[in-house]
Structures are given as C-alpha cells and as structure tokens.
Amino acid sequence: MYIKDFEIRWNDIDANRHLANKAYIELAAHTRMSFLTEQGFDRRLLGKLNIGPVVFYEHIYYFKEVFYGRPIKVSLEISGLSEDGMFFEFRHNFYDHKGQNFAQCEMMGAWMNLGERKLIGLPEEMRHFLDKIERPDNFKILTKEDTRRFNKKPVDLV
C-alpha cells in the first residue's frame, strides 16, 4: 500500500482547531499525485499527451478529530477502474501518529483530452502506471453507469 507522510500545518486547521475539511481534499490529492509522479506519470507526460484528470466527486468520512502538531499518514489504493482506464476510483485512509484511522476519502474521476475537452480512455502507454497501485479485495471494474450511481443532476435557477 502506498503511504505518504505529512505534518499538519498551521493553515491546515480550522476555527475549531482541528484538521479542516479542505485539508483532507488537498492531502488526498497530493498523495495521488505524489504516487503517480514517483512512478513517472508526471506533469511532463500529461502535458505531452495533452490530458488531465477530472474529479467527479470526493466523499470524506470523518471518524475522529485530529489536531495540529502531530504527523499523519495518508494511504492510496485504487478501488475501481474501467477497462479502458477512462474512469477511476481511489480510496484514501488517514492515520494519526498512533496508526489509528481517523478518516477515509473516496473519489471518482476520469481522464480528459485537454484540447477537445472530452473524456477519453487512458492511453495504453499510461495504463501500466495504475497497475502499480494496490487494489483492495472489493476492487471493481467501472462502467459509465457507476459514475452516475448517486443519480445527481444539475438543477438550474431558471
């Protein structure tokens, strides 16, 4: 399992003096990109292929508070991937300095061609990067229907 170490910074806490919810999203994203960058799946390669990740949602489940001044760890595993690599789902667990799980984040996204602004399958030369991420026992092959499982639709003002 990939694990990234962090120190909770002063700007990571909120008015209640515990880790702010925005910090969870930032730590999870940093963990994902650190792993991919360490594997060679970096900004240079994304730029060369003119693709980028798009986040559909991020759900955070909070189990207990964590405070400033202690180190934490954030894990990464891939919990779902479509056969063409277009859709992906990652799971992050957050652990305190004692190794206790204090939160979990689930996120789903896809790859987008930045020129056409359309979703695309992950190019073959990049799919092997995602094979290096640990997969849990409940790993799922994703379909387009999985991206709509919460049945959320936009509701305009007019």
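The values are calculated or read from the model by the stated rules, or taken from the named source; none is laboratory data. What you see is a predicted model, and the numbers here were worked out from it, not measured in a lab. Don't worry about glycine lacking a Cβ; one is built from the backbone with ideal geometry, like all the others, and counts go over all protein chains shown. Just so you know, the surface numbers come from the protein's heavy atoms only, side chains and all, with ligands and any DNA or RNA stripped out. Shrake-Rupley method; radii C 1.70, N 1.55, O 1.52, S 1.80 Å.
Structure data summary
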quantity	calculated
Computed over segment 1-113, the ratio Rg/Rh where both radii use C-alpha atoms and Rh is Kirkwood	1.00
Value of [θ]222 nm, deg cm²/dmol, for the chain, DSSP H segments ≥ 4, -39500 (n - 2.57) each, nearest 500	-6000 deg cm²/dmol
Charge-dipole axis of segment 25-158 as Lys and Arg at +1 and Asp and Glu at -1 on Cβ define it, positive-most pick from PHE102, MET126, TYR68	TYR68
Per-residue SASA entry for ARG70, accessible area with 1.4 Å probe, Å² rounded to 10	120 Å²
Ratio Rg/Rh [Cα only; Rh per Kirkwood] for segment 1-48	1.11
Per-selection Rg to Rh, segment 62-158 - Cα, Kirkwood hydrodynamic radius	1.07
Pairs beyond 24 Å (Cα-Cα), from LYS22/LYS144; LYS64/LYS98; LYS22/LYS132; LYS48/LYS153	LYS22/LYS144; LYS22/LYS132; LYS48/LYS153
Within a Gaussian network of the chain (alpha carbon springs, distance under 10 Å), most fluctuating of LEU46, LEU122, LEU130	LEU46
Two-site label geometry, LYS153 and HIS30: point separation in nm, points 7 Å out along Cα→Cβ	4.0 nm
Electrostatic dipole magnitude of segment 37-142 [Cβ: Lys, Arg +1; Asp, Glu -1; Cα centre; debye, to 20]	320 debye
Spin-label pair ASP5/VAL54, simplified geometry with 7 Å Cα→Cβ offset, distance in nm	3.8 nm
For peptides 15-26, 81-92, sequence by mean Cβ density within 10 Å, most packed first	81-92, 15-26
